[in-house]
Every structure is written in C-alpha cells, then in structure tokens.
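Quick notes on the structure that follows.
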Amino acid sequence: MYMDISPVNDIFQSFLIKGVTIVLPAASMSVVVVVIVAVIMAMMQIQDQSLTFFPKTISIIAVLIILGPWMFGQISETIIEVLESLPALIKV
C-alpha cells in the first residue's frame, strides 16, 4: 500500500506561493531603496557601505506597518486551509 503524496505536494506548493507573495513587497521595497541610496552615494562619491542600513530598515518597517494586517491575514488563511484539509488527508 502506497501513500498518495499529491495532497502534501499541494500544501507545500500553496505554502511556497503564499510565502513568496507575503515576502515580496518588503523585499522589493528594500531593493528599490538600496538602489536609490547606492545611486546617490555614487553621485556623491561616498564609499561607506553602512549608510544603506538605516534607509533600508526604515523602509522595511514602513512596509510591515502598512501591509502587516494583510500579511497576517494571508498567513491565517493558509493555516486555516491546511487545518481544515487535515481530516481529508488522514485516511485509515
């Protein structure tokens, strides 16, 4: 008797897709801020690499404050979907 792993694959696929959608706004904002700061530093010929830390941190905190409720809702929905599908996955 073999176990059908397609429901498990579906759960992991949904986790991966939800994880990417949740992380993408903060990561893209961080990249945009770093590129803008790097261009400004290059124009001013500043060589200190630690100057990008503060603007990047502020931008990530702002994204988390603005999109935090949406992110929490997405995570909650995913957990509820998985918990509701558990009885169907357990076959005796």
Checklist entry - Does I5 count as β-branched (V, I, T) and over 23 Å from the mean Cα position of the chain (by Cα)? => result yes
Item to check | Candidate set from region 1-32 (those that are in a loop (DSSP other than H, G, I, E, B) and of a type outside the set (D, E)); member that is surrounded by the fewest Cβ atoms within 10 Å (Cβ to Cβ) | outcome: M1
Checklist outcome for this item: Within region 36-61, restricting to residues that are surrounded by 14 or more Cβ atoms within 10 Å (Cβ to Cβ) and under 16 Å from A26 (Cα atoms), the one that is modelled with the lowest pLDDT is T52
Next on the checklist: When you scan region 33-48, do you find a residue that is in a helix (DSSP H, G or I), in contact (Cβ under 8 Å) with a residue 24 or more places away in the chain and hydrophobic (A, V, I, L, M, F, W, C), even just one?
Outcome noted: yes
Checklist entry - Which condition breaks for T78 when tested against (1) out of contact with any Ser or Thr (no Cβ under 9 Å at 6 or more places or on another chain); (2) surrounded by 11 or more Cβ atoms within 10 Å (Cβ to Cβ); (3) of a type in the set (S, T, N, Q)? => result (1)
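The values are calculated or read from the model by the stated rules, or taken from the named source; none is laboratory data. Source: prediction; values computed, not measured. With ideal geometry, Cβ positions are generated from the backbone for all residues, glycine too; neighbour counts draw on all protein chains shown.
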